[in-house]
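Written out below as structure tokens is the structure these notes cover.
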Amino acid sequence: MGTRKWFPVKKMHWGYQAIVFLAVFLIVYGCIEPFSPPEVNNPESFLVVDGFLNVGSDTSRITLRNTQNTNDDTRPIMEGGARISAEAESGETYNFEERGNGVYILPPVNFNMTTKYRLHIRRSNGSEYLSEYVVVTKTPPIDSLTSKLDPNRNAMLIYVNTHDATNNTRFYRWRFEETFEYRSAFFSGLERDLETESIVVRRDNVNTCWTTLESKDIKLGSTIKLNQDIIKDLPVNIIDISTNKLFFKYSILVRQYALSREAFEYWTDLAKTTQGTGSLFDPQPSQVTGNIKNVTDAKELVFGYFSAVTEEKQRIFLTPALGRYPTCIPPDTLEPADAYTSFGVLLNTYMDAAGKTFILSSSEDCADCRAQGGTTTRPSFWD
């Protein structure tokens, strides 16, 4: 009589299910392919136009560059060699000057505020682009800039306040430049003199620097649903305390622009698509085009919106002493001969109890503020 084999029914049942599940998973997974929208990884490059016609008392600035794929981490390709002009519907033409790196400027002009204007671009390859004619929008002044510490965020918030008594503006946009003073952890009082091959007293101060950063996010506001055209305490910047921007001295210059409804809708759509990329000049994940078209090929994608607008601006300074003084590991102690041939930044000298002289040395990050990207040139507006 043969040996009877017992098969656990329950285990057979679950094993079968596992095999079926694995088979289904492999079939489904095998059908999945990575999806990239054509506008994200399109090898073709498109023109990006950033700027506006400043019909007030300041210089107009237009920047040209080409789009990149979203997964492209190379530096933007700025476009030079173009000819740019602002054309009035009444017939006047105002030519921009090229300043390099894709930047074109137009010095202040006494513009006619009652006519319409359009942008005309001729690229070096001969392609021509025209914007639609746009009316001049007059920006109301900024009433005030205020700041408030938010302990929950560990940040300082900057707010803008403005209003239009005529209730005509309704749509707003803001940009800003923030400048802050910072210092290196150690003061460098010595440097190497290559001509005399000696260590001498440092001629310039590399302990204090200033850095200026421009806003990247698109800041918009609207009062279209309000009875009065009043913007109150709208946050335009959030300064993280941990960045130490507020430890010594901080300044922010806020620029305000009135927008037409069409321009506001364009910037709103663009803001939605650039939340993950940062700004107009970052790779664009979707097709948000403005009022600029190729003269001979209206289907060509062109990114940017041309406006003619006055600019209002206001600056404030803050000295809240928030954050902490920069710290570093203790400096090295070197003999003078070794200090001259070392790669460190020289700090100062000291003498031990036996009368022997030594020199303290540290890294650039700890003793030269320029290593963090700033400049030792004091801004002209700094108090």
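In this entry, the range 83-229 is assigned a mean projected area of 17.4 nm², taken as a quarter of its C-alpha convex hull surface. All C-alpha pair distances within the range 104-184, sorted into 10 Å bins from zero, spread as 11, 26, 29, 20, 14, 1 percent across the bins. Other residues within the sphere of radius under 11 Å centred on the Cβ of PRO107, judged by their own Cβ, net out at -1 (K and R +1, D and E -1).
For the range 90-150, the Cα gyration tensor yields ellipsoid semi-axes of 31, 20, 12 Å (square root of five times each eigenvalue, largest first, whole Å). Where in the range 120-134 is the amide nitrogen less than 16 Å from a point lying 7 Å along the Cα-to-Cβ axis of ALA298? Only 129-133 fall inside the zone, counting backbone N under 16 Å. Since only ASN168, PHE180, ASN152 are under comparison, the one whose Cα sits farthest along the positive direction of the charge dipole of the range 136-192, derived from C-beta charges on Lys, Arg, Asp and Glu, is ASN168.
In summary, the aspartates and glutamates within cross-link reach of LYS293, defined as a Cα separation below 16 angstrom excluding same-chain residues under 8 places away, comprise ASP50, GLU87, GLU128, GLU132, GLU262. Taking the convex hull of the alpha carbon positions in the range 199-248 and averaging its projected area over all directions gives 6.7 nm². Only Cα pairs under 8 Å and 6+ residues apart enter the sum, and on that basis the relative contact order of the range 229-383 stands at 22 percent.
Any idea what the relative contact order of the range 146-261 is, in percent, if you count C-alpha pairs under 8 Å spaced at least 6 apart?
Here the relative contact order equals 44 percent.
Coordinate-derived values only; no laboratory data. What you see is a predicted model; the values in this text were computed from it and never measured. Positions of Cβ are generated from backbone atoms using ideal geometry, with glycine treated the same way; all protein chains shown enter the neighbour counts.
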